[in-house]
């Protein structure tokens with residue numbers, strides 16, 4: 001039987017890249033599978049999913065605005081409209097199963113699938129499940145979790161801790177550091193700081209680097225810095241290899257970037273953490289303070305408790321982030337210990353675990 005999968009979700013790379021990893025794993029296990037992605041119009045999945053070779057349809061939907069509640073007045077109307085769009089997509093595609101990876105476009109898709117008795121599979125990447133995923137989990141066929149200890153959110157008998165699917169290009173990378181340094185035009189004799197505030201950028205991290213990059217380069221560090229496409233506030237920092245700084249709105253070749261990194265500064269999204277675990281890099285984490293239920297801080301704390309990362313609060317980044325980077329860079333033994341600890345937490349085959357479990361459930365139901 002040919003399986004027809006709808007995969008719903010997106011908004012950020014933390015949802016998009018796991019979705020692609022799961023699709024690729026399903027296709028490798030069952031090559032005749034057919035896929036339809038559903039995302040939100042205007043979001044990055046509308047670009048990234050087609051680039052990976054999959055079809056996607058965008059819904060007219062927006063998420064809850066936690067800063068400006070007036071903008072939420074139209075949310076019920078858009079949610080109702082999205083259900084009608086989902087109904088039309090389902091009738092045309094006729095899925096045999098639906099997979100949700102998070103992001104506000106996944107709720108109407110999985111909710112409709114459950115109302116039609118179609119098997120639904122949910123992947124929750126964070127250590128704190130959002131309300132919509134908690135609701136969907138009550139009727140999901142199976143729930144996959146990226147973090148352990150999620151029994152308080154989901155039915156234990158239908159939950160599996162699989163870890164978070166990491167992009168295959170990162171999970172299986174054998175990128176040579178010397179080749180990567182040449183690719184970026186960096187100095188092999190210097191240590192490299194990689195700064196990745198997320199695909200949309202991180203204002204607090206960017207401002208801290210904007211004000212303190214010279215202290216880092218004076219200490220002998222060279223910097224690869226992903227600023228994000230949405231942060232237009234940067235004005236001082238050059239993007240100049242002669243200044244030991246490479247500034248990019250988005251890093252296309254992350255395996256190369258990780259290969260050259262000696263220290264990484266990042267947000268504490270679940271997928272950033274999963275990638276750092278796989279590549280085994282010592283990290284300074286700056287959790288996004290507006291994440292639902294402060295789940296990024298919870299994600300980061302798990303690594304801090306294991307001696308695998310350093311946490312800097314968003315509000316303190318301007319005053320302390322540069323200092324923490326300099327302190328860690330000067331402590332080689334701590335860097336080595338953190339690298340070992342974070343590597344020991346990695347799950348490298350999460351995509352295969354998820355895909356195998358989905359196919360197992362579908363085979364049992366046939």
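The values are calculated or read from the model by the stated rules, or taken from the named source; none is laboratory data. Since the model is a prediction, treat every value here as computed from it, not as a measurement. Neighbour counts are summed over all protein chains in view; Cβ atoms, including those assigned to glycine, are modelled from backbone coordinates with ideal geometry.
Things to note:
Residues checked against (1) surrounded by fewer than 24 Cβ atoms within 10 Å (Cβ to Cβ); (2) in the same structural domain as residue 272 (by TED's automatic domain parsing); (3) in contact (Cβ under 8 Å) with a residue 12 or more places away in the chain:
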| site | (1), (2), (3) |
| --- | --- |
| 109 | no, no, yes |
| 119 | yes, no, yes |
| 124 | no, no, yes |
| 137 | yes, no, yes |
| 145 | no, no, yes |
| 151 | yes, no, no |
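- Qualifying residue in region 326-338 (condition: part of a loop (DSSP other than H, G, I, E, B) and assigned by TED's automatic domain parsing to the domain that holds residue 197): yes
- Filter pass, residue 121 being under 21 Å from residue 355 (Cβ atoms), part of a loop (DSSP other than H, G, I, E, B) and at pLDDT 95 or above: no
- The residues of region 99-118 that are assigned to a helix (DSSP H, G or I) and under 13 Å from residue 38 (Cβ atoms), listed by number, are 106, 107, 108, 109, 110, 111, 112, 113.
- The numbered conditions (1) modelled with pLDDT of 90 or more; (2) on the phi < 0 side of the Ramachandran plot are all true for residue 77 except (1).
- When the test is whether a residue is touching a residue at least 60 places away in the same chain (Cβ under 8 Å), out of contact with any helix residue (DSSP H, G or I) (no Cβ under 7 Å at 6 or more places or on another chain) and not assigned by TED's automatic domain parsing to the domain that holds residue 14, residue 290 passes it.
- Residue match in region 164-174 (condition: closer than 30 Å to residue 116 by Cα and buried (at least 18 other Cβ atoms within 10 Å of the Cβ)): yes
- Just one of the listed residues (259, 300, 355, 268) is more than 17 Å from residue 164 (Cβ to Cβ) and either free of Cβ contacts under 8 Å to residues at least 60 places away in the same chain or not in a loop (DSSP other than H, G, I, E, B) (or both), namely 259.
- Criterion: surrounded by 11 or more Cβ atoms within 10 Å (Cβ to Cβ), in a strand (DSSP E or B), at pLDDT 90 or above and in contact with a strand residue (DSSP E or B) (Cβ under 8 Å, 6 or more places away or on another chain) - qualifying residue of 38, 89, 49: 38
- Every condition in (1) farther than 19 Å from residue 168 by Cα; (2) surrounded by fewer than 17 Cβ atoms within 10 Å (Cβ to Cβ); (3) modelled with pLDDT of 95 or more is met by residue 2 except one, and the failing one is (3).
- Matching residues, region 81-107, being touching a helix residue (DSSP H, G or I) at 6+ places or on another chain (Cβ under 9 Å) and free of Cβ contacts under 8 Å to residues at least 24 places away in the same chain: none
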